[in-house]
1. Longer than 25 Å from Cα to Cα, which of Lys63/Lys363; Lys57/Lys219; Lys264/Lys390; Lys94/Lys244 are they? Say none if no pair is.
2. Highest mean first, how do 238-246, 108-116 rank when packing is the count of other Cβ atoms within 10 Å averaged over residues?
3. What percentages, rounded to whole numbers, describe P(r) for the chain computed over all alpha carbon pairs with 10 Å bin width beginning at zero?
4. Counting alpha carbon pairs within less than 8 Å and at least 6 residues apart, what relative contact order, in whole percent, applies to the chain?
5. In percent, what relative contact order does segment 27-152 have, based on Cα pairs under 8 Å that are 6 or more apart in sequence?
6. For segment 250-329, compute Rh as the Kirkwood radius over C-alpha pairs and then the Stokes-Einstein diffusion coefficient at 37 °C and 0.692 mPa s; write the answer in µm²/s, rounded to an integer.
7. To the nearest 20 debye, what is the magnitude of the charge dipole of the chain about its Cα centre, counting +1 on the Cβ of each Lys and Arg and -1 on the Cβ of each Asp and Glu?
8. Would you calculate, for the chain, the mean residue ellipticity at 222 nm contributed by helices, counting each DSSP H stretch of 4 or more residues as -39,500 (n - 2.57) and dividing by all residues, to the nearest 500?
Amino acid sequence: MIIKNVLATVALLTPVYALSAEFVLTDSATNTYVDHWKTSAQELGINTTTPFSIEKKRLNTGKQSGVDIITIDNGELELTLVPTRGMGIYQVRKEGKRILGWDSPVKEIVNPAFIDLESRNGLGWLDGFNEMLVRCGYEWTGHPGVDDNGQLLSLHGRVQNTPASLVKVEIDDEAPHTITVTGVVAESTFKKSNLSTETRLNIIPGENSFSINDTLTNKADYDDEYQIIYHSNFGKPILEKGAKVHSAASEISPFNDYAKGGLKSWQTYLGPTKDFDEMVFNLKPISDPEGNSLAVLHNKDANSGVSMRFKTDQLPVLTIWKNTDTLKQGYVTGIEPGTSYAYNTKYQRPLGLVPTIKAGEQKHFDLEYTVLTSAEDVSQAVDNVAKIMKKQKVQLKSEPLVDLSH
């Protein structure tokens with residue numbers, strides 16, 4: 001643990017010391033590793049009306065052997081972060097019950113050591129897919145396939161199956177006592193890439209929201225391509241027959257020919273349906289004057305849900321993935337802001353959706369998730385989408401952006 005002393009000067013030049021706590025849990029540069037760690041507002045001597053706690057531990061059974069998890073309880077929400085899996089978020093609980101997340105056939109939090117990304121013709125990523133938030137990228141993302149240069153690109157890139165090389169927790173001593181968990185995930189391959197992502201999760205005690213603030217840095221001496229999709233996945237209790245999604249967007253198109261059949265009903269969801277193949281839709285989000293777009297998912301009764309706020313200059317496209325298969329098969333939907341849709345990289349270059357990051361350059365990605373716990377919360381979030389839309393209707397495009405027939 002490192003305690004930082006911050007010197008402040010007040011009237012009469014009286015020195016006052018404020019403490020901000022920083023706990024380094026993993027640092028590969030110094031071979032630092034803390035196996036089990038826990039702290040709380042009480043232990044830190046922070047006087048707050050909303051007690052909070054943070055705990056880090058290592059799992060030791062089955063395919064999750066060697067996986068580190070960090071649980072943050074801010075007094076309202078309990079988030080489970082997984083540093084071993086690219087700093088993804090496994091689930092979010094409220095009052096002891098999962099509110100954000102889903103039931104995957106993958107029941108363990110799988111150690112990347114047990115995953116071969118290139119198995120099943122590049123679908124090995126699915127062997128560990130069960131999180132609420134999965135970062136897809138950053139060197140590439142999208143469906144597997146052979147790129148223009150002949151290289152096999154596996155499903156959704158490597159970052160989610162890359163352990164963080166630096167993990168630290170910071171707690172502000174002054175109100176509102178923001179809790180920040182930082183992780184650094186490196187994608188470095190000789191002759192290929194040298195990308196580093198600093199992920200930051202911020203949450204304030206007592207609030208029903210949290211933010212993600214990521215910084216991607218190209219540490220190479222050469223420009224490089226990058227892609228990112230924030231694969232945000234929700235199942236029960238929000239997802240059910242009659243659940244609905246709202247998004248501030250100018251247009252929507254089907255991902256492929258199969259999705260054409262569901263285009264007119266893109267906003268509503270079926271209950272668990274056997275033999276329902278996944279339907280994917282491509283949206284062009286629009287933003288408010290501050291550059292923020294908004295997507296909202298709520299249950300049938302519109303009294304529970306989640307909203308996602310993101311910046312369109314950072315994440316210019318949105319994918320909606322509807323996988324309303326059976327409960328055992330994986331009943332889930334994905335709301336996925338990104339730089340790219342879910343097509344293979346070679347199909348996205350002609351669409352202008354494979355951006356370049358210059359040598360030494362940084363790119364920033366900022367998202368906010370809010371848990372909606374009442375009809376009033378849901379109504380306000382949906383109204384906020386409508387305010388961005390300004391009575392504009394989403395234009396339905398009947399044909400996919402990409403011809404996948406050849």
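1. Details: Lys63/Lys363 34 Å; Lys57/Lys219 31 Å; Lys264/Lys390 21 Å; Lys94/Lys244 21 Å.
From the list (Lys63/Lys363; Lys57/Lys219; Lys264/Lys390; Lys94/Lys244), the Cα-Cα distance tops 25 Å for Lys63/Lys363; Lys57/Lys219.
2. Values: 238-246: 19.7, 108-116: 17.3.
Final packing ranking: 238-246, 108-116.
3. Here the calculated profile for the chain is 5, 22, 33, 26, 11, 3, 1, 0.
4. Working: 1080 pairs, mean separation 60.1, N = 406.
It rounds to 15 percent for the chain.
5. Details: 207 pairs, mean separation 19.6, N = 126.
Taking the mean separation of contacting Cα pairs over the length of segment 27-152, I get 16 percent.
6. Values: Rh = 14.1 Å.
The calculation lands on 233 µm²/s.
7. Numbers: 41 positive and 51 negative charges, 171 e Å.
Computed about the Cα centre, the dipole is about 820 debye.
8. On the way: 5 runs with 31 residues, N = 406.
The per-residue figure over the chain is -2000 deg cm²/dmol.
None of the figures in this text is laboratory data; all of them are computed from the coordinates on show. This one's a predicted model, so the numbers in the text were calculated from it and none came from an experiment. Cβ coordinates were reconstructed from backbone atoms using ideal geometry, including for glycine residues, and neighbour counts include every protein chain displayed.
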